[in-house]
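Rule-based calculations on the coordinates, nothing more; no lab input. Computed from a predicted structure; not experimentally measured. Counting neighbours? That spans all protein chains shown, and the Cβs are built from the backbone with ideal geometry, glycine included.
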Amino acid sequence: MSGFDVEAEDADGLDQRVARAPGELDPLLESGERKPRWGDELELVLERFDEKGRAEGRWRAFTITVRRGVPGARVRVKVLRRRKDACEGHVLAVIETSPHAVTPRCAHVPHCGGCSLQELDYAAQLAGKLRLVREAFDAHGFAGRIAIEPVLGARDPFRYRNKMEFGFGTRRWIHPDEPRGVADGFALGLHAAELFSKVIDIGSCAIQSEVADRIVASARELAVEQGLEAWDLKTHTGLLRHLAFRCTRGPSRAGTRLGEVLVNLVTSTEAPERVGPYVAALLARHPEITTLVQNVTARAAQVAIGEKELVLHGPGVVVEELGGVRFAISANSFFQTNTDQAEELFRLVREEAQLTGGERVFDLYCGTGALGLALARHAREIVGFEQVSAAVLDARRNAELNGFTNARFVEGDVLESLARLQAGSASPFVDPAAVERADLCIVDPPRAGLHPEVPARIAALGAPRIVYVSCNPRSGARDAALFEALGYSLTRVRPIDLFPHTPHVESVLTLERRSA
């Protein structure tokens, strides 16, 4: 029906069109006698951000969620979707600016799919993250029973990422202010928000190192000069797929702490006759690159990991030091992306571990062994458990790098490994008779948290204390409640911000075994 663009909700909560002329106000909406529909314009105050970084406000009995809204602002919103008592919308106008609004440092913020909170001042970001943590634990019955500390913020919430991945693309995202008809071909940068097929040409990213900004600019310019094709997401053709960085800290120089720089070039084929001159030109422009590797993958999946890795310059790894422990980090290693805050996280874990030097520590979901190795000097023995074979290899190498002979790592699914251990099955790395009991368990699971059977397996180890590193307040609170049902008490929650300008927040949870 031409000229009509308002929608209603059917019995299943889906939007359906109904007749209403553009701009015509619905008196039933104004009076509150009907629910909002697609196309309705509502005025409300944005009150908070959710776990996805979206701003939320209330309009009568409805929760209204918008992207790129700043909590504290009064806005006019167009409703795009409604489901039950929640609506998604788009901000049409800011009527009153939020007292917490700041000018973002990055020009790409309104359109990039990365930082969702850079327009919100950092103190308000930390307050919002604390609220997310409190609400998660309140929902699992911990309200008023535990101490949740303020979120430990970063000293500098910018230029903090030691790892970034950029994508090459054949479809450049066009800024609304650009003139009609500009070229939309080759691009190197980050994907546009909610538009994965388009790549924003990134001039500068405010959360990565400045040297990475410069290398990205050179990589883009040299690729165009040499006629190298970007990977096309639709046709699955082209050579250049990703450009990734890892930067370590070094001595402070002119306000920076740049140490070693690893560049990872991901391509669809080896193509040495084309990649070689490209890499040589990039290294000539940037002698600060200490190592450069090429990962090769022909898979359709858009991940910066290859089936084959070639070291084209330098040792293929960079070395970082946290709390006196050195870590060799390869292109495909997992390592905390915020080095300064990772050091603070390790400090919190050490404080909560309360080691005296004689303890056997189980490091569950240990990854490359970072947390366990950070405790190795303070414990009798570290036993790490991890499913990813490459991570286990990195953990063993890092133990050797630091001369730790008291750290061992078991490869395999954590649930299966603990079940075998408790059944007395032999392992090539762990003698069940030697690890029948843990004095401390460090648990650092993925965002989804623990498999439902894992808490009982951990509790059966008999450790007096569990230190759980949570990267998701909801799953962390859920798992803490499971441990409480198994004889532990949650005594402390210490949140820490490892990802400024995003809604993500980590927490260190301390659980102590109740006496019989």
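Helical runs (DSSP H, four residues minimum) scored at -39500 (n - 2.57) apiece and divided by the length of the chain put the mean residue ellipticity at 222 nm at -7000 deg cm²/dmol. Between the amide H of LYS198 and those of ALA192, distances stay under 5 Å, these residues lying 5 or more places away or on another chain, with hydrogens modeled in the peptide plane. Legend: distances between Cα atoms for LYS78/LYS163; LYS52/LYS163; LYS234/LYS308; LYS198/LYS308; LYS78/LYS198; pairs beyond 29 Å are LYS78/LYS163.
Peptide packing: for 69-75, 287-293, 400-406, the average count of neighbouring Cβ atoms within 10 Å per residue gives the ranking 69-75, 287-293, 400-406, highest mean first.
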